[in-house]
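Below is one structure, written out as structure tokens, with a few remarks after it.
The values are calculated or read from the model by the stated rules, or taken from the named source; none is laboratory data. Not measured: the values here are computed from a predicted model. We place every Cβ from the backbone using ideal geometry, glycine too, and count neighbours over all the protein chains shown.
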């Protein structure tokens with residue numbers, strides 16, 4: 001996703017989203033919980049199927065997070081199935097264990113965020 005101004009674009013889905021093995025490119029600056037990032041928003045609907053998130057970190061050096069950087073967000077009762085999204089192996093810093101190594105920091109994709117406050 002991009003609107004040409006850096007990592008801050010949002011794609012909002014108001015109907016059900018069904019991944020069919022596709023890839024969404026997400027630009028992000030991994031530098032803390034409030035890092036600028038592209039985001040997929042599931043608004044009042046359900047995301048299912050299988051979609052890879054191809055994470056592009058640009059010149060990120062990484063940073064400590066408490067809750068993580070939300071790449072997929074649900075709103076207004078939106079939900080995601082547990083396996084709807086996964087990190088694409090072509091993501092910047094991807095290693096064989098499914099973790100992104102950015103600078104001195106490691107990032108993984110977790111449903112509900114790192115603190116697990118959200119179910120989806």
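Considering 101, 66, 59, the condition of being free of Cβ contacts under 8 Å to residues at least 40 places away in the same chain, in a loop (DSSP other than H, G, I, E, B) and more than 26 Å from residue 16 (Cβ to Cβ) is satisfied by 59 alone.
So is residue 53 crowded, with 16+ Cβ neighbours inside 10 Å, at pLDDT 90 or above and closer than 20 Å to residue 101 by Cβ or not?
For residue 53, the condition - crowded, with 16+ Cβ neighbours inside 10 Å, at pLDDT 90 or above and closer than 20 Å to residue 101 by Cβ - is met.
Residues in region 69-90 that are surrounded by fewer than 20 Cβ atoms within 10 Å (Cβ to Cβ), in a loop (DSSP other than H, G, I, E, B) and in contact with a strand residue (DSSP E or B) (Cβ under 7 Å, 6 or more places away or on another chain): 70, 71, 76, 81, 83, 88, 90. In this structure, is residue 46 over 13 Å from the mean Cα position of the chain (by Cα), surrounded by 15 or more Cβ atoms within 10 Å (Cβ to Cβ) and farther than 21 Å from residue 106 by Cβ? Answer is yes for this residue. Scanning region 29-38 for any residue that is closer than 20 Å to residue 81 by Cα, surrounded by 17 or more Cβ atoms within 10 Å (Cβ to Cβ) and at pLDDT 95 or above turns up nothing.
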